[in-house]
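Chemist: One structure, as structure tokens, below. Some questions next.
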Amino acid sequence: MLIRVDPTSAIPLFEQLAAGVRSEVIRGALRAGEKLPSARELAASLDINVHTVLHAYQNLRDEGLIDLRRGRGAIVTDHAEGYLALAASLPALVAEAKTLNLSPIALAALIREAY
């Protein structure tokens, strides 16, 4: 698992970290049943606060992407398969948006509105 965060970014570190985990799931580097590093290990490797990692993990838990259990750590749930299926449909959506000369910002706005 390779996750990077940019402390100079306007995006909060916990959001960058959660997005990194989602990306790893979509890439197939993390699969259902796999264990994520402990919050302490990940915080140390990224040189960030452990509470930042816990915040990201809690958001991922709230999404249903990971399961947090005391003593077991963070485990990727079966929800990961749904992320993979959704990610597989994105290239066609992006291609259609490009044929319509729709900007990424406009496409994101359409998705937010539909959601």
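Chemist: Of the residues that sit in segment 1-31 and are farther than 23 Å from residue 77 by Cα and of a type in the set (Val, Ile, Thr), which one is surrounded by the fewest Cβ atoms within 10 Å (Cβ to Cβ)?
Modeler: Within segment 1-31, the match that is surrounded by the fewest Cβ atoms within 10 Å (Cβ to Cβ) is 8.
Chemist: Just checking, which of 34, 41 is charged (D, E, K, R), in contact with a strand residue (DSSP E or B) (Cβ under 9 Å, 6 or more places away or on another chain), surrounded by 11 or more Cβ atoms within 10 Å (Cβ to Cβ) and under 20 Å from residue 1 (Cβ atoms)? Don't jump to the end; show me each part of the working.
Modeler: Details: 41 fails: in contact with a strand residue (DSSP E or B) (Cβ under 9 Å, 6 or more places away or on another chain).
Result of the check over 34, 41: 34.
Chemist: Provide a single number: the residues in segment 43-81 that are more than 24 Å from residue 11 (Cβ to Cβ) and in a helix (DSSP H, G or I). Steps first, answer last, please.
Modeler: From segment 43-81, those more than 24 Å from residue 11 (Cβ to Cβ) are 67, 69-73, 75, 77-78, 81; that's our starting set.
The next check asks that each one be in a helix (DSSP H, G or I); those that pass are 81.
Adding up the residues that qualify gives 1.
Chemist: Something else: Does any residue of segment 62-69 turn out to be exposed (fewer than 15 other Cβ atoms within 10 Å of the Cβ) and modelled with pLDDT of 95 or more? First the steps, then the outcome.
Modeler: First, the residues of segment 62-69 that are exposed (fewer than 15 other Cβ atoms within 10 Å of the Cβ): 62-64, 69.
From what is left, the residues that are modelled with pLDDT of 95 or more are 62.
Yes, some residue in segment 62-69 is exposed (fewer than 15 other Cβ atoms within 10 Å of the Cβ) and modelled with pLDDT of 95 or more.
Chemist: Within segment 11-29, can you find the residues that are more than 19 Å from residue 52 (Cβ to Cβ) and not in a helix (DSSP H, G or I)? First the steps, then the outcome.
Modeler: Kept after step one, since they are more than 19 Å from residue 52 (Cβ to Cβ), are these residues of segment 11-29: 25-29.
Hits for segment 11-29 are 28, 29.
The values are calculated or read from the model by the stated rules, or taken from the named source; none is laboratory data. Predicted model, so just to flag it, every value in this text is computed and none were measured. So basically every Cβ, Gly included, is an ideal-geometry build from the backbone, and we count neighbours across all protein chains shown.
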